[in-house]
Amino acid sequence: QKEVEQNSGPLSVPEGAIASLNCTYSDRGSQSFFWYRQYSGKSPELIMFIYSNGDKEDGRFTAQLNKASQYVSLLIRDSQPSDSATYLCAVPRGGGADGLTFGKGTHLIIQP
Amino acid sequence: DAGITQSPRHKVTETGTPVTLRCHQTENHRYMYWYRQDPGHGLRLIHYSYGVKDTDKGEVSDGYSVSRSKTEDFLLTLESATSSQTSVYFCAISEWGERPQETQYFGPGTRLLVL
């Protein structure tokens, strides 16, 4: 069974700084990687997906994928208090649309 | 936001009673999923559907059954609820398209308490 590991945190970052969230995965065959944000009491919302080695940028968010080392990172630039949430990393369970395997999430706190 | 609704949003029930949760989507997506989320375990897949009347088990399917008679509705049934099924249940949908088909969009969730 595929595994996804994240540091549960909390990770505390000052406002305006870069928040760096990391995720490692067990299956070298994983092709797609997803980052979700979840506010307390709310449902997960998709932030980004990445499936090529290197960086992918979307606004203040950058996803970094290193397949050789089996890790994927999410960088949040110019962190805002509204970024305070739990961030979930996920990989596909199999080769098709048979669901995702999620990490347990990293709780991020942006300190004003 | 993806057009996904879940009902009920909150439910309190007693051990041994049957419970059915409903997920309704207006996106005409082919794939639908049920997850549960518990402290210390994260999100775990219960069952999923890849079309009308086509379903399969996820990693924590014991004690749950599902049905999908229409594209837009995916039902999760707890035949005889137990306290270990107290959780937050999320429905999700996905579809082939410009994003990877594994890209999932989540409903608002149902909080279930089994006493």
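Each reported figure results from applying straightforward, stated rules to the coordinates on display, with no laboratory input. As the structure is a prediction and not an experimental result, all values here were calculated from the model. So basically every Cβ, Gly included, is an ideal-geometry build from the backbone, and we count neighbours across all protein chains shown.
Could you work out the relative contact order of chain A, using alpha carbon pairs under 8 angstrom and six or more residues apart, expressed as a whole percent?
Values: 278 pairs, mean separation 42.1, N = 112.
About 38 percent, as a whole number.
Would you mind ranking A:Phe102, A:Phe49 so that the residue whose beta carbon has the fewest other beta carbons within 10 Å leads the list? Walk me through the intermediate numbers first.
Values: A:Phe102 23, A:Phe49 18.
In increasing order of surrounding Cβ atoms, one gets A:Phe49, A:Phe102.
Place +1 on the Cβ of every Lys and Arg and -1 on the Cβ of every Asp and Glu in the protein assembly as shown, take the dipole about the Cα centre, and give the residue among B:Ser87, A:Thr62, B:Gln104 whose Cα lies farthest towards its positive end.
In the protein assembly as shown, that residue is B:Ser87.
Could you grab the relative contact order for the stretch B:1-109? Cα pairs under 8 Å, six or more apart, rounded to a whole percent.
Numbers: 245 pairs, mean separation 35.1, N = 109.
It rounds to 32 percent for the stretch B:1-109.
Work out the FRET efficiency for B:Asp56 and B:Thr82 from their Cβ-Cβ distance, taking R0 = 22 Å, and round it to the nearest 0.05. It would help to have the intermediate numbers written out before the result.
Values: r = 23 Å, r/R0 = 1.03.
Once rounded, the FRET efficiency stands at 0.45.
In debye, nearest 20: dipole of chain A around its Cα centre with unit charges on the Cβ of K, R (+) and D, E (-)?
Numbers: 10 positive and 11 negative charges, 39 e Å.
Taking the Cα centre of chain A as origin, the dipole is about 180 debye.
Looking at chain A, identify the longest residue range that excludes and avoids all GluC sites (Glu not before Pro) in DSSP loops having at most 13 other Cβ atoms within 10 Å.
A:16-112
Would you please name the GluC sites (Glu not before Pro) within the stretch B:50-89 that are DSSP coil residues with at most 15 other C-beta atoms within 10 Å of their C-beta? Intermediate values should be presented prior to the final figure.
Values: sites: B:Glu59, B:Glu72, B:Glu79; in loops: B:Glu59, B:Glu72, B:Glu79.
Hits after loop and neighbour filter: B:Glu59, B:Glu79.
Test of the criteria: in the stretch A:1-52, which trypsin sites (Lys or Arg not before Pro) are in a DSSP loop and have at most 13 other Cβ atoms within 10 angstrom of their Cβ? Spell out each step's value before the answer.
Values: sites: A:Lys2, A:Arg28, A:Arg37, A:Lys42; in loops: A:Lys2, A:Arg28, A:Lys42.
Sites meeting the loop and neighbour criteria: A:Arg28, A:Lys42.
Gap in Å between the Cα centre of the stretch B:1-52 and the Cα centre of the stretch A:72-110?
20
Using the Kirkwood radius over Cα pairs, work out the Stokes-Einstein diffusion coefficient for chain A at 20 °C and 1.002 mPa s, in µm²/s as a whole number.
On the way: Rh = 14.0 Å.
Taking Rh from Cα pairs, D becomes 153 µm²/s.
For a test of the definition: using alpha carbon positions, the gyration tensor, and the 1.5 limit on a/c, classify chain B as rounded, prolate or oblate. Each step should come with its number before you reach the end.
On the way: a/c = 1.79, a/b = 1.67, b/c = 1.07.
Prolate shape, in that a/c is at least 1.5 and a/b is the bigger ratio.
Mind putting a number on the dipole of the protein assembly as shown about its Cα centre? Charges go on the C-beta only, +1 for Lys and Arg and -1 for Asp and Glu, and I need it in Debye to the nearest 20. Intermediate values should be presented prior to the final figure.
On the way: 22 positive and 25 negative charges, 49 e Å.
For this selection, approximately 240 debye.
Magnitude of the Cβ-charge dipole of chain B, K/R +1 and D/E -1, about the Cα centre, nearest 20 debye? Numbers along the way, then the final one.
Values: 12 positive and 14 negative charges, 47 e Å.
Charge dipole of chain B: 220 debye, to the nearest 20.
Answer with one residue from B:Gly51, B:Gln6, B:Tyr35: the one whose Cα lies farthest towards the positive end of the charge dipole of chain B, charges on Cβ with Lys, Arg +1 and Asp, Glu -1.
In chain B, that residue is B:Gln6.
Report, by chain and number, residues whose modeled amide H sits under 5 Å from the one on A:Leu100, excluding near sequence neighbours (fewer than 5 apart, same chain).
For A:Leu100, whose amide H was placed from the backbone, the distant partners under 5 Å are A:Arg93.
Kirkwood hydrodynamic radius, computed over distinct alpha-carbon pairs, for the stretch A:14-60: how many Å, to one decimal?
On the way: mean 1/r = 0.0766 Å⁻¹.
Roughly 13.1 Å, rounded to one decimal.
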